[in-house]
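Reviewing the structure listed below.
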Ligand SMILES: Cc1ncc(COP(=O)(O)O)c(C=O)c1O
């Protein structure tokens, strides 16, 4: 029998808030992604690398609002910039110089980003990137990676939650619906590839080449396993896309934080379009679509109606722009070097803990990101990362154990490090993990038996 799951140790004040919330939100939460077990932890405030919950408990935050807060909570330059801007107005139907400044910063540091448009979420960024590829090529189908998360646009939701029962043939994955009632026409418009399957990518992109507008690729899909792409896979996608006039859309909404120039540059991908979000807004809502000038010309309305009209009431709002500018300006080469070292220290420490105890676990990730898996080998793709029932139980227990030890560790997604963290935080994370391994021998044995 499995050991009892560790609860999230939520206090009385969070429980009281949840009781109120259940009267107004379906299931009591405002987002499906909220961690609960079964009660979510309500937060009062954030300070640097920590957050303080409604019961006054202080936690090291390895979620950072789903990897957004690369400078931690309430980063003073962002607080100052937003406070100043708020006093001068929060949104206008006119352009501002601030949007130009953030656009200049991003275009100057991210390769292949000649032109850019701002929106308010990563979802919108991916949505407009897909539409731009359609407008540019005159084709409607897209290809995407099984299990990869790209936000809430129907076409990129296909096969996001495929299961062993539904995912079909490994050589030609099925297009599976994400929600009941998803139009069959959407499923018919999406070709699904397996991450790191170079041969499959070449074959499927070639077969469907003349109908595909784009391949949407997160260079390191977090929910798919946070596994590094192999050079062969990147080359297969890139070359087959080029030879079939399929555009490459890099979804860097999450993985831009992997380096000064972003994740595509790190892994040798040369995208035609890039979707951005999260860190570029400094903690305020943001998204952006950028890319090569000739592709981005689909948005150009200077000669009349563009091929793809794109607007948005709050797009390029000055609050998000000043927050993003403050956050991104502070993210210089030295900042990325710090994050790189911190990430290495954590992953290396976790791996050593696993090796010392010969535990059936592994660690993936890069730069400031890491993900712990209930498998002896780092999974190569979504199918390999799909947890067994024993694996899922172990990971819930891990999140619970971290929470008991005052650390917020996301379950089933990337954990992230932030600028205010230092070597002592890295050591603390590794110590807590070692404590978990030492006290959960029963659960670890179950994993070995279940795999
Ligand atoms: C890779 C990726 N793309 C797109 C999105 C959607 O971004 P948003 O939640 O801002 O809509 C996310 C969000 O987590 C993401 O990780």
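Computed quantities for the displayed model
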{"quantity": "Qualifying residue in region 292-305 (condition: within 16 Å of the ligand (Cβ to nearest atom) and under 22 Å from residue 155 (Cβ atoms))", "calculated": "no"}
{"quantity": "Residue count, region 62-89 (criterion: away from the ligand (no atom under 16 Å from the Cβ), surrounded by 13 or more Cβ atoms within 10 Å (Cβ to Cβ) and either within 21 Å of residue 428 (Cα to Cα) or without any contact (Cβ under 8 Å) to a residue 40 or more places away in the chain (or both))", "calculated": "5"}
{"quantity": "Where a residue in region 244-256 is away from the ligand (no atom under 16 Å from the Cβ) and its partner, wherever it lies, is assigned to a loop (DSSP other than H, G, I, E, B), with Cβ under 7 Å and at least six apart", "calculated": "247/272"}
{"quantity": "Residues (in a loop (DSSP other than H, G, I, E, B), under 16 Å from residue 189 (Cα atoms), touching a residue at least 40 places away in the same chain (Cβ under 8 Å) and more than 14 Å from the ligand (Cβ to nearest atom)) located in region 139-176", "calculated": "139, 140, 146"}
{"quantity": "Residues satisfying the stated conditions in region 90-117, i.e. buried (at least 22 other Cβ atoms within 10 Å of the Cβ), more than 18 Å from residue 299 (Cα to Cα) and in contact with a helix residue (DSSP H, G or I) (Cβ under 6 Å, 6 or more places away or on another chain)", "calculated": "102"}
{"quantity": "Tally, over region 237-280, of residues that are outside any loop (DSSP other than H, G, I, E, B) and either more than 20 Å from the chain's Cα centre (by Cα) or at pLDDT below 95 (or both)", "calculated": "8"}
{"quantity": "Members of region 118-138 that are away from the ligand (no atom under 12 Å from the Cβ), buried (at least 23 other Cβ atoms within 10 Å of the Cβ) and either free of Cβ contacts under 8 Å to residues at least 12 places away in the same chain or outside any helix (DSSP H, G or I) (or both)", "calculated": "118"}
{"quantity": "Region 29-39 - residue that is surrounded by 11 or more Cβ atoms within 10 Å (Cβ to Cβ) and without any contact (Cβ under 8 Å) to a residue 12 or more places away in the chain and, of those, nearest to residue 62 (Cα to Cα)", "calculated": "34"}
{"quantity": "Candidate set: region 213-236, residues that are in a strand (DSSP E or B) and within 15 Å of the ligand (Cβ to nearest atom); chosen: the one farthest from the chain's Cα centre (by Cα)", "calculated": "214"}
{"quantity": "Exclusive hit being surrounded by fewer than 24 Cβ atoms within 10 Å (Cβ to Cβ) and within 14 Å of the ligand (Cβ to nearest atom), set 284, 276", "calculated": "284"}
{"quantity": "Residue within region 438-451 that is touching a strand residue (DSSP E or B) at 6+ places or on another chain (Cβ under 7 Å) and at pLDDT 95 or above present", "calculated": "no"}
{"quantity": "Segments classed as helices (runs of 4 or more DSSP H), wholly inside region 305-392, with at least 2 members that are modelled with pLDDT of 95 or more and touching a helix residue (DSSP H, G or I) at 6+ places or on another chain (Cβ under 6 Å)", "calculated": "318-330, 333-357"}
{"quantity": "Residue that is farthest from the ligand (Cβ to nearest atom), among those in region 257-273 that are closer than 17 Å to residue 216 by Cβ and in contact with a helix residue (DSSP H, G or I) (Cβ under 8 Å, 6 or more places away or on another chain)", "calculated": "270"}
{"quantity": "Test result for residue 110, within 16 Å of the ligand (Cβ to nearest atom), at pLDDT 95 or above and out of contact with any strand residue (DSSP E or B) (no Cβ under 6 Å at 6 or more places or on another chain)", "calculated": "yes"}
{"quantity": "Single condition residue 301 does not satisfy, out of (1) assigned to a helix (DSSP H, G or I); (2) over 20 Å from residue 340 (Cβ atoms)", "calculated": "(1)"}
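The values are calculated or read from the model by the stated rules, or taken from the named source; none is laboratory data. Everything quoted here is computed from the prediction, not taken from an experiment. Ideal geometry is used to build each Cβ from the backbone, glycine not excepted, and the neighbour counts take in all protein chains shown.
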